[in-house]
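Q: I have a structure I would like to understand better, so I am pasting it below and will then ask my questions one at a time.
The values are calculated or read from the model by the stated rules, or taken from the named source; none is laboratory data. Quantities reported herein were computed from a predicted structural model and do not represent experimental measurements. So basically every Cβ, Gly included, is an ideal-geometry build from the backbone, and we count neighbours across all protein chains shown. For the accessible areas, the whole protein counts, side chains as well, though only heavy atoms, and no ligand, DNA or RNA atoms are used. Shrake-Rupley method; radii C 1.70, N 1.55, O 1.52, S 1.80 Å.
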Amino acid sequence: MASLKDLRNRIASVKATQKITKAMQMVAAAKLRRAQAAAESARPYAERMDEVLAGLAASLRGAEGAPPLMVGTGKDEVHLLIVATADRGLCGAFNSSIVRLAREHAQRLLADGKEVKILCVGRKGFDQLRRTHRERIIDTISLRDVKQVGFSNAKEIAEKVLGLFEEEAFDVATVFYARFRSVVSQIPTAQQIIPAQIPDVVEGEEQASSGPTALYEYEPDEYEILEELLPRNIAVQIFRALLENAASEQGARMSAMDNATRNAGEMIDKLTLTYNRTRQAQITKELIEIISGAEAL
């Protein structure tokens, strides 16, 4: 049985840990509001970009000379997986869920005889993937020193991806991230960005949409516009993934630290009860010894 001094030290240690987890929870809550607002603001822009690309692609469907970023290289042999995770831990299963989705996707591709290359954005993804896919990791990008993710960070990653595509280093690129739903719900998501996934316009959906359908004439022509928009769309989709990840990370950390704080409180209660019982038993033992000694005299 632990001594009273050991129990006191353990109670003090758990109380110190509880203060740290409580402080981390409050910091995560403060950061979450800004990150959530940024992620929600980026969604309409990314969705509108998809709509514009869909409208442009509809007029070029089946035409020759379409941009490679839209139609691909014509092959499906080499896949680039862009795994976006956090650079820090203590955020529950946030990083593990993204890595698990990427690892399962990689296993399916390898089973089909495809070649897989991995670009890690965030140290935690690299730390987990190097255990099983070290030889497939081509680079790691850390955003640890970035206080607030900006479009310039996404543009640097997009330029690296586009450079690899121009070198014909891969045929298909997919980004993995966690889409923010709420503090307790972050959805691991895989989104193909090269070739661009252009949503098909269904006739029934056109009739169900509110308002008349607008017809656009483009100047310059669709080819020149797509040559400009498609590379920008890569940066936009990566930026959206980074913002969703930032909000999801803070939400997951807030939830994890809240659970840790409550668990520490329960542990303190149990240790305090054990301490009081041990102290009472020790006092009772000492009283029995004193009474037994007095009776012996």
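Q: Among the residues of region 119-133, how many are part of a strand (DSSP E or B) and either touching a residue at least 40 places away in the same chain (Cβ under 8 Å) or open to solvent by 40 Å² or more (accessible area, probe 1.4 Å) (or both)?
A: Residues of region 119-133 that are part of a strand (DSSP E or B), as a first pass: 119-121.
With either touching a residue at least 40 places away in the same chain (Cβ under 8 Å) or open to solvent by 40 Å² or more (accessible area, probe 1.4 Å) (or both) added as a condition, the list becomes 119, 121.
Here the count works out to 2.
Q: Separate question: Among the numbered criteria (1) modelled with pLDDT of 90 or more; (2) crowded, with 16+ Cβ neighbours inside 10 Å; (3) more than 30 Å from A93 (Cβ to Cβ); (4) not hydroxyl-bearing (S, T, Y), which one does E222 miss?
A: Failing condition for E222: (1).
Q: Still on this structure: Have a look at A38, A84 and point out the one that is more than 19 Å from H133 (Cβ to Cβ) and touching a Leu at 6+ places or on another chain (Cβ under 7 Å).
A: A38
Q: Just to be sure I understand the filter: pairs with C-beta atoms under 7 Å, separated by 6 or more residues or on different chains, first member in region 171-197 and under 19 Å from R123 (Cα atoms), second member surrounded by fewer than 18 Cβ atoms within 10 Å (Cβ to Cβ) and of a type in the set (D, E). Which pairs pass?
A: Nothing qualifies.
Q: Given the residues V161, V116, V149, which is the only one that is within 20 Å of the chain's Cα centre (by Cα), outside any helix (DSSP H, G or I) and of a type in the set (A, V, I, L, M, F, W, C)?
A: V149
Q: Quickly run through region 73-83 and pick out the residues that are within 17 Å of Q237 (Cα to Cα) and either of a type in the set (S, T, Y) or assigned to a loop (DSSP other than H, G, I, E, B) (or both).
A: The answer is none; no residue qualifies.
Q: In addition: Considering each of A260, A247, A252, A241 in turn, give the residue that is touching a Ser or Thr at 6+ places or on another chain (Cβ under 6 Å), assigned to a helix (DSSP H, G or I), of a type in the set (A, V, I, L, M) and touching a residue at least 12 places away in the same chain (Cβ under 8 Å).
A: Of A260, A247, A252, A241, the one residue that is touching a Ser or Thr at 6+ places or on another chain (Cβ under 6 Å), assigned to a helix (DSSP H, G or I), of a type in the set (A, V, I, L, M) and touching a residue at least 12 places away in the same chain (Cβ under 8 Å) is A260.
Q: Among the candidates A106, A86, which residue alone is surrounded by 20 or more Cβ atoms within 10 Å (Cβ to Cβ) and assigned to a loop (DSSP other than H, G, I, E, B)?
A: The match here is A86.
Q: Let me ask something else. Which residues, taken from region 49-87, are modelled with pLDDT of 90 or more and farther than 16 Å from P195 by Cα?
A: V83, A84, T85, A86, D87
Q: Right, next: So, of the residues in region 9-46 that are among the charged types (D, E, K, R) and surrounded by 14 or more Cβ atoms within 10 Å (Cβ to Cβ), which turns out to be farthest from V183 (Cα to Cα)?
A: R10
Q: Is there any pair with a first residue in region 38-55 that is on the phi > 0 side of the Ramachandran plot and a second that is in a helix (DSSP H, G or I) whose Cβ atoms are under 9 Å apart and which are 6 or more apart or on different chains, and what are they?
A: From region 38-55, no pairs qualify.
Q: Which of the residues spanning region 135-170 are among the polar types (S, T, N, Q) and open to solvent by less than 70 Å² (accessible area, probe 1.4 Å)?
A: T140, S142, N153
Q: Would you please list the contacts, defined by Cβ atoms under 7 Å and residues six or more apart or on different chains, that run from a residue in region 70-83 that is over 16 Å from G122 (Cα atoms) and open to solvent by 30 Å² or more (accessible area, probe 1.4 Å) to a residue that is assigned to a strand (DSSP E or B) and of a type in the set (V, I, T)?
A: These pairs meet every condition: D76/V172.
Q: When you check D112 against the structure, is it farther than 23 Å from A196 by Cα and of a type outside the set (S, T, Y), yes or no? Reasoning before the result, please.
A: On the way: farther than 23 Å from A196 by Cα: no; of a type outside the set (S, T, Y): yes.
No: the conditions fail for D112.
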